[in-house]
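A short worksheet on the structure shown next.
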Amino acid sequence: MNTEMNIWNVKFEDIIYNSSGPECTTLAHLNALWASSSSAIMIKSCSPEPRDGNPTPRYVETDLGSINSMWLPNLWYKEYIGYIPKLKQDYKKPVVCSIVGFKPQDFYDLVTAFQQDSDVDMLEVNLSCPNVVGKPQIAYDFEASEEIIKNICAIPGDKPIGLKLPPYFDPIHVDAMANIILKYDIDFVTCINSVGNTLIIDPETEQPLIKPKGWLGWLGWDYIKPIALANVRWFYKRIWHKTKIIGCGGIKNGVDVFEHLLAWASIVQLGTILAKEGPGCFARISREFQEYMDKKWYTSLDEIIGNLKEL
Ligand code: RRO
């Protein structure tokens, strides 16, 4: 089955690439993604200054997924802008960059820099950065979100721009965010970021798994797939006619990809599985997806995306 996908004018050879999450921070990570079967290279959320992030242990894997409180370790947006031409030298795939700020002006400055002075193909603005101590996630503050979205959408530039959203747990909040998205030129949303403020205890050591932020961290993988699917579906109902949806959360095999597509994701991102398995996960999951589609006699993505059957 042909799994090429266009997100506005950006062409993906396949529907699977990495999330702004593990293994996309250093230049070595980005080179590994370039060499892998990931259909794009996503760069970790970058900030106005380089950052080391939180003390360790800050990322731990469990049988059901991962918990993290990384707090935005990244090289600095200018370092990534400088490296993108190298990643695109023998053009293999699009480069997407996630950006984040600590105040509204940061978002404006970084989007301006990427729109006007970079070779990036697409921009994902992280409104759900979860680990800033003492601050709520921006996307849970609808006034603050609208201000940022209005300003970044007014910046001249032709790169598609999207939002990385947190999980919402109440349809009223989905309505509030969807209404803002519909007012401005947001090209895509990525649902969802990790699920926050959780505690995992190791009964053997009688200790929490991670150290920062009072031991609370953000979950990925099996823990969160049903929440991710609900958010993809909720946003589909509200913004399908204007905005693409990228699915993220809980994907570890080809069947998980299929479920995200049924819910209405056009393309999906992998996080924890990349850390657990390494860059070989893209080829494996893509192959599994193809095999599952053959088994079900599907011949095109159009037959699948959004076609969750009524109950
Ligand atoms: O770096 C992090 O702590 C982090 C970020 Br920016 C994010 O968006 N999601 C996450 O789980 N961790």
Open item on the list: Give me the one-decimal nm value for the distance between modelled label points at Leu64 and Asp202, 7 Å along each residue's Cα-to-Cβ direction.
Closed with: 1.8
Open item on the list: Can you give the FRET efficiency to the nearest 0.05 for Ser300 and Lys237, using r as the Cβ-Cβ distance and R₀ = 25 Å?
Closed with: 0.60
TODO: Take peptides 186-197, 213-224 and line them up by average Cβ neighbours within 10 Å, highest first, as a rough protection proxy.
DONE: 186-197, 213-224
TODO: Would you pull out the residues with amide H under 5 Å of Thr190's amide H, same chain only if 5 or more places away, H placed 1.01 Å from N?
DONE: Leu163, Lys164, Leu165, Ile246
Task: Separation of the Asn253 and Thr26 label points, Cα + 7 Å toward Cβ, nm - done: 3.2
Open item on the list: Compute for the chain: radius of gyration divided by Kirkwood radius, i.e. Rg/Rh, restricted to C-alpha atoms, rounded to two decimals.
Closed with: 0.94
TODO: Report the full-extension gain for the segment Thr56 to Leu182: residue separation times 0.36 nm, less the Cα-Cα distance, to one decimal in nm.
DONE: 41.4 nm
Task: 5 angstrom amide H check on Ile99, placed H, neighbours 5+ away - done: Cys46, Glu124, Val125, Asn126
Open item on the list: Between Ala144 and Arg284, what is 0.36 nm times their sequence separation minus the Cα-Cα distance? Round to one decimal in nm.
Closed with: 46.4 nm
Open item on the list: Ignoring everything except DSSP H segments at least 4 long, calculate the 222 nm mean residue ellipticity for the chain; use -39,500 (n - 2.57) per segment, divide by total residues, nearest 500.
Closed with: -10500 deg cm²/dmol
Open item on the list: Using amide H atoms built in the peptide plane, which far-off residues or other-chain residues are under 5 Å from Trp76 H to H?
Closed with: Ser47, Arg51
TODO: Sticking with the crude label model, points 7 Å out along Cα→Cβ, report the distance from Lys11 to Ala154 in nm, one decimal please.
DONE: 3.6
- [ ] Return the FRET efficiency for the residue pair Asp90, Glu277: r is the Cβ-Cβ distance, R0 is 22 Å, and the value is rounded to the nearest 0.05.
- [x] 0.30
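Only the coordinates and a few stated rules stand behind these numbers; no lab work does. As the structure is a computational prediction, the values presented were derived from the model and not from experiment. Positions of Cβ are generated from backbone atoms using ideal geometry, with glycine treated the same way; all protein chains shown enter the neighbour counts.
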